Amino acid sequence: MHFNFNKHLFSIICLLITNISFAQSIDSKDLLKHLEFLSSDALAGRKPLTAGSMEARSYILNELTSLENVQALYPDFIQRFSFTGRNKAQYEDAANLVAFIPGSSSRKVIVVTAHYDHVGVGKPNAAGDSIYNGADDNASGTAALLELAEYFSKNRPLHSMMFVALDAEELGLRGAKALVDDFPYPLDQILLNVNMDMIGRSDKNELYASGTHFYPYLKPILEKAAAGSDPTLRFGHDTPGTGREDWTNQSDQGAFFAKKVPHLYFGVEDHVDYHKPSDEFKNIQPKFYSNAANLILKCILALDAELTDQNSGQ
Ligand SMILES: [Zn+2]
């Protein structure tokens, strides 16, 4: 009896390990490694055009261009753009980093985005820390973008996919606006924008998928993909007229929304370290983060499989 029980237990554990390694397709070690580097003090908060931003660019480009089956849609995978910021500050040569993976059965494109910039160095906190590391905002989304690109470079999607690390979100969604203004295809070829911004921690173990208010046909697909998920997938924060509670225009998906391109935004509710020097690697919750990234992968896989080219935001 005792022996059999152990044997049973052994096979159950084997089964669990096998299932986990198949189901959890994003490598949590790599995911955390990317996040730790991008949010390190050395990158000084990744403000556009600073030395830290250039380091982030090199790291992201190195990861994206080392993947198999990715194509460049802009010279050297870089969409360069300029803009005028607050107080007429001129920003030349800001850069979105773009990798393209052709789909096997549709020319429609799922555009996966995450902004890699943050606010840089600023007012010190009580502890004297002046580096706004932006670990959750948005090294977390950027690192997930890299791992999703790697996944789909090895597992060809049905729809084409574009993976874009966007610059200058914190200065007014500038990178996303530049992307939709100078998109390599007609905008109606975009099936969906999937944006990630702040997916690294949640005390309530909740990840939001925002945007289904406008695109209700996405909801049943997501509900099925996320049934019984850890973390819990919640919907909302997309009701017009609810002020700060409506996230539609608060991150890069807003630039797609303005052009009537369907979007989904994945993120968490604001936390105590939001836009503070304490938004650091040590305050990321590795288990939540890795599970959230894998849940987003599951959702994208379901959307890729179930959305037809006839779907639109109308
Ligand atoms: Zn952000």
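The values are calculated or read from the model by the stated rules, or taken from the named source; none is laboratory data. Everything quoted here is computed from the prediction, not taken from an experiment. Using ideal geometry, Cβ is built from the backbone for each residue, glycine included, and neighbour counts are taken over all protein chains shown. SASA here: full protein model, heavy atoms, side chains in, ligands and nucleic acids out. Shrake-Rupley method; radii C 1.70, N 1.55, O 1.52, S 1.80 Å.
Please work out if P102 is surrounded by 15 or more Cβ atoms within 10 Å (Cβ to Cβ), more than 18 Å from the chain's Cα centre (by Cα) and either away from the ligand (no atom under 16 Å from the Cβ) or free of Cβ contacts under 8 Å to residues at least 12 places away in the same chain (or both). Spelling it out, P102 is indeed surrounded by 15 or more Cβ atoms within 10 Å (Cβ to Cβ), more than 18 Å from the chain's Cα centre (by Cα) and either away from the ligand (no atom under 16 Å from the Cβ) or free of Cβ contacts under 8 Å to residues at least 12 places away in the same chain (or both). Does at least one position in the stretch 113-123 carry a residue that is open to solvent by 10 Å² or more (accessible area, probe 1.4 Å) and either part of a helix (DSSP H, G or I) or more than 16 Å from the ligand (Cβ to nearest atom) (or both)? Scanning the stretch 113-123 turns up at least one residue that is open to solvent by 10 Å² or more (accessible area, probe 1.4 Å) and either part of a helix (DSSP H, G or I) or more than 16 Å from the ligand (Cβ to nearest atom) (or both). Only a single criterion out of (1) assigned to a helix (DSSP H, G or I); (2) farther than 23 Å from P262 by Cα; (3) within 15 Å of the ligand (Cβ to nearest atom) is not satisfied by S153, namely (3).
Taking (1) within 16 Å of the ligand (Cβ to nearest atom); (2) within 17 Å of L307 (Cβ to Cβ); (3) assigned to a loop (DSSP other than H, G, I, E, B) in turn, F266 satisfies each apart from (3). The residue list R174, R234, R244 contains one member that is charged (D, E, K, R) and in contact (Cβ under 8 Å) with a residue 40 or more places away in the chain, which is R174.
Looking across the stretch 156-179, the residues that are open to solvent by 10 Å² or more (accessible area, probe 1.4 Å) and assigned to a helix (DSSP H, G or I) come down to R174, K177, A178. Number of residues in the stretch 252-296 that are free of Cβ contacts under 8 Å to residues at least 24 places away in the same chain and buried (at least 19 other Cβ atoms within 10 Å of the Cβ) equals 0.
Per the listing T65, T50, the residue uniquely free of Cβ contacts under 8 Å to residues at least 60 places away in the same chain, surrounded by fewer than 24 Cβ atoms within 10 Å (Cβ to Cβ) and of a type in the set (V, I, T) is T65.
Considered as a group, the residues in the stretch 199-210 that are within 16 Å of the ligand (Cβ to nearest atom) and open to solvent by less than 10 Å² (accessible area, probe 1.4 Å) include one that is nearest to the chain's Cα centre (by Cα), and that residue is I199. What do you reckon, is I296 modelled with pLDDT of 95 or more, among the β-branched types (V, I, T), more than 14 Å from the chain's Cα centre (by Cα) and within 16 Å of the ligand (Cβ to nearest atom)? Considered against the rule, which asks whether it is modelled with pLDDT of 95 or more, among the β-branched types (V, I, T), more than 14 Å from the chain's Cα centre (by Cα) and within 16 Å of the ligand (Cβ to nearest atom), I296 comes out as no.
Being part of a loop (DSSP other than H, G, I, E, B), within 14 Å of the ligand (Cβ to nearest atom) and within 19 Å of F77 (Cα to Cα) is the requirement here; does A143 meet it? Against the criterion (part of a loop (DSSP other than H, G, I, E, B), within 14 Å of the ligand (Cβ to nearest atom) and within 19 Å of F77 (Cα to Cα)), A143 does not qualify. Being surrounded by fewer than 24 Cβ atoms within 10 Å (Cβ to Cβ), away from the ligand (no atom under 13 Å from the Cβ) and within 27 Å of L43 (Cβ to Cβ) is a description that does not apply to D188. Residue pairs whose Cβ atoms lie under 8 Å apart, sitting 6 or more positions apart in sequence or on different chains, and linking a residue in the stretch 127-141 that is over 21 Å from V164 (Cβ atoms) to a partner that is within 11 Å of the ligand (Cβ to nearest atom) and among the charged types (D, E, K, R), are Y132/D279; N133/D279.
Here N138 meets each of (1) away from the ligand (no atom under 16 Å from the Cβ); (2) not in a loop (DSSP other than H, G, I, E, B) with one exception, condition (1).
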